[in-house]
Amino acid sequence: MAQKVLTTQAELDEIFAKMKRDYGALTKKQEAYAIREIERVRGDVSNLLADYADSDGTIKRRRLRQVLRELDEVEMAMRANGEQALNKIVKESTEFTTENIAPVIGISASQVKIVNEHVFKYIVKRFDANGLVLSERIWGLSGEIRDELSTAIRSNIIKGEGIKSMMKDISSVYSADSWKVRRLARTESTTAHRAATSYNAQESDIVNWVQFHDGRGGHRNHEKHRCYELANEDRYGKGTGIYKPKDTDIWLPHPNCTSYITYIIDERWL
Ligand SMILES: [Zn+2]
């Protein structure tokens, strides 16, 4: 690798500070992208309703069941788009992290590939608190949105409202649920970011310790969060928030967590 391996703590701190700023911008873009992808089916819903509507823009009650059954395909499309978007986000966060870090801690090109593949596998196969893997979490979310669309369409048809009113309610469903999509995107992205930071350190010969920083100010009742406890724990007698690169419990303290990890290569900083 052409770039020289950095060995001073100050240089490394600067790299992490810049990465934190760039990563902040990246996650904002990723969240907007995930929401756009999940909502991409809105056009399909609109076409579907138009197909069933009479010339006055209303849908006959006797067609209700049939219309609701057609939402199967809408749900499948949300799942497929959501899965593709989340996989892309996870890969992007992992590669972004490795690109920033690997060259300065002596990680070779072949190791980069291994690190990125390992992190991607870890994220998509990770079980959450409900025992679900990523694709199942997306499945669950698409199902929730579908149920809400179903309720909105049903009540509009029963009341004899037209498609315009239905589409307004459908937009409301998506805006009310956008925080769920945002949370999912942020959780998976930041976990990939932390995991890639740690995993690069594991592969490196010069990083022996990592420092965990909680997502201060990122959430209410901050001191009740697991990230607060982790940032204040002195596990190895090296100082609070100091961990080994192999400590995976700091990769995901809780969903929606904005905590992050940096490196300590100079023992004098401990
Ligand atoms: Zn947190």
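The selection criterion, being over 22 Å from the mean Cα position of the chain (by Cα), among the polar types (S, T, N, Q) and at pLDDT below 95, holds for residue 204. Any residue in region 105-114 that is among the aliphatic types (A, V, I, L, M), surrounded by 19 or more Cβ atoms within 10 Å (Cβ to Cβ) and modelled with pLDDT under 95? Within region 105-114, one or more residues are among the aliphatic types (A, V, I, L, M), surrounded by 19 or more Cβ atoms within 10 Å (Cβ to Cβ) and modelled with pLDDT under 95.
Taken together, the residues in region 202-230 that are closer than 15 Å to residue 264 by Cα and either within 16 Å of the ligand (Cβ to nearest atom) or of a type outside the set (Asp, Glu) (or both) amount to 10. Of the residues examined, residue 258 is one that is within 15 Å of the ligand (Cβ to nearest atom), out of contact with any Asp or Glu (no Cβ under 6 Å at 6 or more places or on another chain), under 28 Å from residue 134 (Cα atoms) and of a type in the set (Val, Ile, Thr). Looking only at residues in region 249-267 that are in contact (Cβ under 8 Å) with a residue 60 or more places away in the chain and not in a loop (DSSP other than H, G, I, E, B), the one that is nearest to residue 185 (Cα to Cα) is 260.
Scan region 229-249 for residues that are in contact with a Gly (Cβ under 9 Å, 6 or more places away or on another chain) and closer than 30 Å to residue 179 by Cα and the total you get is 3. Identification of helices (runs of 4 or more DSSP H) wholly contained in region 132-248 with 2 or more residues that are of a type in the set (Gly, Ala, Ser), free of Cβ contacts under 8 Å to residues at least 60 places away in the same chain and surrounded by fewer than 16 Cβ atoms within 10 Å (Cβ to Cβ) yields 134-159, 163-203. Set side by side, the residues 11, 75, 99, 37 differ, and just one is among the acidic types (Asp, Glu), under 23 Å from the mean Cα position of the chain (by Cα), surrounded by fewer than 18 Cβ atoms within 10 Å (Cβ to Cβ) and part of a helix (DSSP H, G or I), which is 99. Any residue at all in region 59-71 that is among the acidic types (Asp, Glu), exposed (fewer than 14 other Cβ atoms within 10 Å of the Cβ) and without any contact (Cβ under 8 Å) to a residue 24 or more places away in the chain? There is no residue in region 59-71 that is among the acidic types (Asp, Glu), exposed (fewer than 14 other Cβ atoms within 10 Å of the Cβ) and without any contact (Cβ under 8 Å) to a residue 24 or more places away in the chain. Can you pull out the residues in region 236-270 that are within 28 Å of the chain's Cα centre (by Cα) and charged (D, E, K, R)? 244, 246, 247, 249 - these are the residues of region 236-270 that are within 28 Å of the chain's Cα centre (by Cα) and charged (D, E, K, R).
Given the criteria β-branched (Val, Ile, Thr) and at pLDDT 95 or above, does residue 191 qualify? Taking the combined requirement at face value, the residue satisfies it. Restricting attention to region 81-104, the residues being farther than 16 Å from residue 195 by Cα and modelled with pLDDT under 95 number 2.
The values are calculated or read from the model by the stated rules, or taken from the named source; none is laboratory data. Computed from a prediction, not measured in an experiment: that's the story for all the values here. Ideal geometry is used to build each Cβ from the backbone, glycine not excepted, and the neighbour counts take in all protein chains shown.
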